[in-house]
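Okay, so here's the structure we're looking at.
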Amino acid sequence: MILRLALLPFAFAASSAPSDAITPETAAQLARGTFHEYLELLSLPNDSVAPADIQKNVDWLERAFRKRGFTTRQLPNQGKPMLYAEWPVKGPAAKTVLFYMHLDGQPVVPSEWSQQSPWQPVLKKRNAAGAWEIVPNQLLFEGELDPDLRVFARAASDDKGPIMMFLAAFDGLREARLDPVVNVKVLLDSEEEKGSPSIPAVVKANRELLAADAIVVHDGPRHASERPTLVFGNRGALVVTLVVYGPKQPLHSGRFGNYVPNPAIRLARLIASMKDDQGRVTLPGYYDRVRLSEAERQVLADTGEDEAAIRRRAGIKIAESVGETYQEALQYPSLNVRGMAAAWVGDNASNIIPHLAIAELDLRTVPETPPEYLFGLLQEHVEQQGYHLVKGEPTDADRAAYDKLASLTIVSAGRAVRTPLESPLGQWAYDSLLETSAGTHPVRIRMAGGSLPTDSLVEILGAPFIIVPLVNGDNNQHTFDENMRIGHYVEGIRTAFGLLRTPYQ
Ligand SMILES: [Zn+2]
């Protein structure tokens, strides 16, 4: 009964039409109409280390978008093109939304998977003992669709599932003879799992083509509560290498102990001076710029996190006291030691005073405290502890002139981006999800803790973004046995359809 699509004439809907959510039953039928394609797409390897594989995925997806009536274009990117698609029917007064998803996937170690190949999707269901068991693919096509079935394959949920849900929503529009009430553009990244190194260049080269009033990202899992989820921002990451220099070369600790200062001890003291016992960064001005209104605090509390469970999972008794809750803690910049080294440990440890000690730091940034601001505070603090900062190995003249020598080197600097909760984009997405879910209030994540390559998209296009994650939280993305829950697939279609049919003022 579902579309094997011949081009049908379109019925044009007035752009002022109210959003009209589709029923779960209709969404299940639409899902069914895409499962053959979904399984086919999942059997195309998509690690972007192999440009030929990426090309196959792009070609396949280009056909899938075209047969639904999109115009498409492959955006050149050193043999790993990105796919651009655009819905040809425009409302002249309607806002333009750029939907961003990615077609590449994480690398795989096939031996870790409990199926023959991560590139041969299998359908599974939990048996009475709670173990996953392979069941016939036919269950996707016959009888009532079981929401607890799961498709296991690389990229099943990250991020090919959402691409297929998005296409299924267009199948639904076609069946209902409707058009979206926003102007639709689509960008499928081909290197997201490598950190989107090519996004800035590709977006700059196609700025006009990609121009939009807003960006919607369909990627990542829903909130742990499994309520419909909106993510309004994410922190950036400033990565810095801190080196404290000791003697010119490692020295015998018997002959020089009590005489030559040890850089490992100095580094330990320096790092310890950066945070207090409650885990708060002591650098003056680190948190001052972040102000949370009562309404924002309420939104943070509304996520309903089980703090005790988070601490139990982490294996800690007491959390650091930067924020009152887990969500509040993520609204501030952080300062973390991601690694430390001086000389050797274990069998190679020897009785020396090391010649240097290294700490790798990552400072999560927020919009109020961009990388250059936090780096400035860090530099000031290190200098205030009596250090003279050098660039690279100190010279003999440096060593003669200064007791304490250190260097601070920026490895990478990513910016945070955040869309205000009350912005038109935030309101539009919130209203749409609320309607689709028949009144279940969406979880609003003001800022996710991790970092995404959204900053260059947002900065270059000058458009706000919002993340609307569609997949199950326990999907094992980035590791073995990645899977997509069919119930989420069906609901994702409803969410995508709802967004396309909600007028955006
Ligand atoms: Zn992803």
A student applying the Cα gyration tensor rule (rounded when a/c is under 1.5; otherwise prolate if a/b is larger than b/c, oblate if not) would label region 404-505 oblate
Tell me, in nm to one decimal, what length is gained between ALA268 and ALA128 on full extension, where the rule is 0.36 nm per residue of separation less the Cα-Cα distance? 45.1 nm
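Test of understanding: what is the full-extension gain from ASN137 to GLN427, defined as 0.36 nm times their sequence separation minus their Cα-Cα distance? Can you show the working numbers first?
On the way: separation 290, 0.36 × 290 = 104.40 nm, distance 3.96 nm.
Contour length minus Cα-Cα distance gives 100.4 nm.
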Taking Cα centroids, how far is region 133-157 from region 38-97 in Å? 25
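Which GluC sites (Glu not before Pro) in region 359-397 sit in a loop by DSSP (not H, G, I, E or B) and have at most 16 other Cβ atoms within 10 Å of their own Cβ?
Details: sites: GLU360, GLU368, GLU372, GLU380, GLU383; in loops: GLU368.
Qualifying residues, ordered by number: GLU368.
DSSP loop trypsin sites (Lys or Arg not before Pro) in region 292-333 with at most 16 other Cβ atoms within 10 Å of their Cβ, which ones? Display every interim value, and only then the final one.
Working: sites: ARG297, ARG311, ARG312, ARG313, LYS317; in loops: LYS317.
Filter output for region 292-333: LYS317.
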Tell me, how many Å apart are the Cα centres for region 352-368 and for region 164-200? 40
Region 291-317 versus region 216-279: alpha-carbon centroid distance in Å: 24
For the chain, calculated [θ]222 nm from helices alone, where every DSSP H run of n ≥ 4 adds -39500 (n - 2.57): -9000 deg cm²/dmol
Simple label model, 7 Å out from Cα along Cβ direction - LYS67 to ILE310, nm: 4.5
Run through all the Cα pairs of region 374-452 and give the fraction in each 5 Å bin from 0, expressed as whole percent. 3, 11, 14, 12, 10, 8, 7, 6, 7, 7, 6, 5, 3, 2, 0
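So what is the diffusion coefficient of region 130-212 in µm² per second by Stokes-Einstein at 25 °C and 0.890 mPa s, using a Kirkwood Rh over Cα pairs? Numbers along the way, then the final one.
On the way: Rh = 16.5 Å.
D, rounded to a whole number, is 149 µm²/s.
According to the square roots a ≥ b ≥ c of the eigenvalues of the Cα gyration tensor, what is the shape class of region 196-336, taking rounded for a/c under 1.5, prolate for a/b larger than b/c otherwise, and oblate for the remainder?
Values: a/c = 2.66, a/b = 1.55, b/c = 1.71.
The shape class here is oblate.
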Rounded to 5, percent antiparallel among DSSP beta bridges of the chain: 70
Residues meeting the amide H criterion for GLY105 (H placed from the backbone, H to H distance under 5 Å, 5 or more places apart or on another chain) are ASN46, ASP47, SER48
Spin-label pair THR282/LEU209, simplified geometry with 7 Å Cα→Cβ offset, distance in nm: 5.4
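Do any trypsin sites (Lys or Arg not before Pro) in region 382-477 lie in a loop, going by DSSP, with at most 10 other beta-carbon atoms within 10 Å of their beta carbon, and if so which?
On the way: sites: LYS391, ARG399, LYS404, ARG415, ARG418, ARG444, ARG446; in loops: LYS391, LYS404, ARG415, ARG446.
Counting only loop positions with at most 10 other Cβ atoms within 10 Å, the trypsin sites (Lys or Arg not before Pro) in region 382-477 are LYS391.
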Positive-end residue of ASN137, LEU44, TRP344, charge dipole of the chain with Cβ unit charges: TRP344
Given a cut-off of under 8 Å on Cα pairs at least six residues apart, what relative contact order in percent is computed for the chain? 27
Overall form of the chain per C-alpha gyration tensor (a/c, 1.5; a/b vs b/c): prolate
Give me a comma-separated list of calculated 3J(HN,Hα) values for region 341-351, in order, Karplus coefficients 6.51, -1.76, 1.60 applied at θ = phi - 60°, integers in Hz, x for any Gly or Pro. 8, 7, 6, 10, 10, x, 4, 8, 4, 9, 7
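Anything over 18 Å Cα to Cα? Flag those among LYS275/LYS391; LYS90/LYS185; LYS90/LYS160, in the order listed. Show your work: numbers first, answer last.
Details: LYS275/LYS391 25 Å; LYS90/LYS185 11 Å; LYS90/LYS160 26 Å.
Pairs exceeding 18 Å: LYS275/LYS391; LYS90/LYS160.
To the nearest 20 debye, what is the magnitude of the charge dipole of region 52-111 about its Cα centre, counting +1 on the Cβ of each Lys and Arg and -1 on the Cβ of each Asp and Glu?
On the way: 9 positive and 5 negative charges, 60 e Å.
So the magnitude is around 280 debye.
For an R0 of 35 angstrom, estimate the FRET efficiency from the Cβ-Cβ distance between GLU393 and SER321 and round to the nearest 0.05. Please list the in-between numbers first.
Details: r = 39 Å, r/R0 = 1.11.
E between GLU393 and SER321, to the nearest 0.05, is 0.35.
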What distance in nm separates the two pseudo spin-label positions at GLU459 and GLN385, each 7 Å out from Cα along the beta-carbon direction? 2.9
Only Lys, Arg, Asp and Glu count, each charged at its Cβ (+1, +1, -1, -1), so figure out the dipole size of the chain about its Cα centre, rounded to 20 debye. 460
Neighbourhood charge, 14 Å Cβ-Cβ cut-off, centred on VAL417 and excluding it, Lys, Arg +1 and Asp, Glu -1: +2
Net charge over other residues, Cβ less than 11 angstrom from the Cβ of LEU499 (K, R count +1; D, E count -1): 0
Added length on full extension, which subtracts the Cα-Cα distance from 0.36 nm per residue, ALA400 to GLN78: 110.9 nm
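Taken together, the values in this text are just the output of simple stated rules run on the coordinates, not laboratory data. Since the model is a prediction, treat every value here as computed from it, not as a measurement. Glycine gets a Cβ as well: all are built from the backbone with ideal geometry, and neighbour counts include every protein chain shown.
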